[in-house]
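Taking it in order: structure first as structure tokens, then the write-up.
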Amino acid sequence: MNDYEWLGVGVVTYNPDIDNFIKEIASIYEWCENIIIVDNASNNINELVIKLKEFKNITIIKLNRNTGIATGLNVIMKTANCKGFQWVLTIDQDTKCPKDVMDTIKPYIFKSNHEIGIFCPNVHERNSSEILKFTNDTESVDLCITAGSVTNVSAWKQVGGYNDILFIDLVDFEFCSRIRNAGYKITKVNKAFLIQEVGKLTEIRIGRKKIRVREHSPFRYYYIARNSVYCMKHASKYFPKKYILKTFGIQIVKSILFKPNKIKKINQVLKGIFDGCRLVA
């Protein structure tokens, strides 16, 4: 009997590194065949489909344009719901998610009483010198990233899914906020470790002080700025403005100060702020 017949594994792809992606899919396929891939009109989708033919039962959904992460995640969740999966593990196309992550989380899922909306692992950033410390096996958290998270399909339905307007950036955090607002908890399983890279994280020393700078392309700073403004306007009831300004505002400032492409980033941020003010809920 498949220990994970109740679980779907979902990933949104966009021009993935084919070889690395297939290796990760093969690794997951060894313990769960219920894989749903939603592709956002990748340039290499034909090659990807050919490579995936060796795996039976994998569902591949090809979208005719790049709809963004939020819409892709909603397609995954709708498909999982139709297939009868109660929970969905979401991973990024470059996420390494070993079996022991789910093996560690699984017992807590079986012990939960429908009050948990999301289980997430303890995420350690690649290239970070930070040492993870914890005293309890689990803890309630306000927010978590999509990669490595296991989402309750019923909770996803109740809150209306991911916000398609956001496209990319803050999609997961805005969703988490609505999950909590609906009365669900987000539980981090501390002994489940996932190595993840969100942008390129570097640590810069200024005197004795160490500054962590996360780097994205200028295009991403447009969405970070736009969606930050949108969330402060339309999601402030359950998504604190202070958190958005502190987390994403400081992230933008540090990247502009300490990383290249300053003018491009500033232009994209200003455009994002302008467009964010015009977005409606």
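The values are calculated or read from the model by the stated rules, or taken from the named source; none is laboratory data. Keep in mind it's a predicted model, so treat the numbers as computed, not measured. So basically every Cβ, Gly included, is an ideal-geometry build from the backbone, and we count neighbours across all protein chains shown. SASA here: full protein model, heavy atoms, side chains in, ligands and nucleic acids out. Shrake-Rupley method; radii C 1.70, N 1.55, O 1.52, S 1.80 Å.
Please report the Cα spread of the range 128-281 along all three principal axes, rounded to whole Å, starting with the longest.
Computed over the range 128-281, the largest-to-smallest principal extents equal 44, 41, 22 Å.
What fraction of the DSSP beta bridges in the chain is antiparallel, stated in percent and rounded to the nearest 5?
Antiparallel bridges make up about 40 percent of those DSSP assigns within the chain.
Report the calculated FRET efficiency for Glu115 and Leu245 (r = Cβ-Cβ distance, R0 = 30 Å), to the nearest 0.05.
Plugging the Cβ-Cβ distance into 1/(1 + (r/R0)^6) gives 0.45.
What chymotrypsin sites (Phe, Trp or Tyr not before Pro) in the range 2-34 are in a loop by DSSP, with at most 16 other Cβ atoms within 10 Å of the Cβ?
Answer by residue number: Trp6, Trp31.
State the three equivalent ellipsoid semi-axes of the range 1-138, derived from the C-alpha gyration tensor as the square roots of 5 times its eigenvalues, in descending order and whole Å.
26, 19, 15
Going by alpha carbons, how many degrees (0 to 90, nearest 10) lie between the helix axis of 99-111 and the longest principal axis of the chain?
Here the helix axis deviates by roughly 80 degrees.
Could you check how much of the accessible area of the chain is carbon and sulfur, as a whole percent, using a 1.4 Å probe?
53 percent
Check each of the trypsin sites (Lys or Arg not before Pro) in the range 28-76 and keep only those in coil by DSSP with at most 16 other C-beta atoms within 10 angstrom; list them in order.
Those satisfying the criteria are Lys53, Lys56, Arg65.
Under 10 Å from the Cβ of Val12, count the other residues' Cβ atoms, weight Lys and Arg +1, Asp and Glu -1, and hand me the total.
With Lys, Arg at +1 and Asp, Glu at -1, the net is -2.
Show me the GluC sites (Glu not before Pro) within the range 27-75 that DSSP assigns to loop and that have at most 12 other Cβ atoms within 10 Å of their Cβ.
Passing both the DSSP loop test and the Cβ count: Glu30, Glu54.
Once the Cα atoms of helix 69-82 and of the chain are each reduced to a long axis, what angle between those two axes, in degrees from 0 to 90 to the nearest 10, is obtained?
20 degrees
So what's the back-of-envelope 222 nm ellipticity for the chain, counting only DSSP H runs of four-plus at -39500 (n - 2.57) apiece and dividing by all residues, rounded to 500?
Result for the chain, helices only: -12000 deg cm²/dmol.
Which whole-angstrom value gives the distance between the alpha carbon centres of the range 37-53 and the range 150-172?
Going from one Cα centre to the other spans 24 Å.
Give the Rg (one decimal place) followed by the Dmax (whole number) of the chain, computed from C-alpha coordinates and expressed in Å.
18.8, 58
Ignoring ligands, DNA and RNA, what accessible area per residue does the range 1-127 give at 1.4 Å, in Å²?
In whole numbers, the range 1-127 has 48 Å² accessible per residue.
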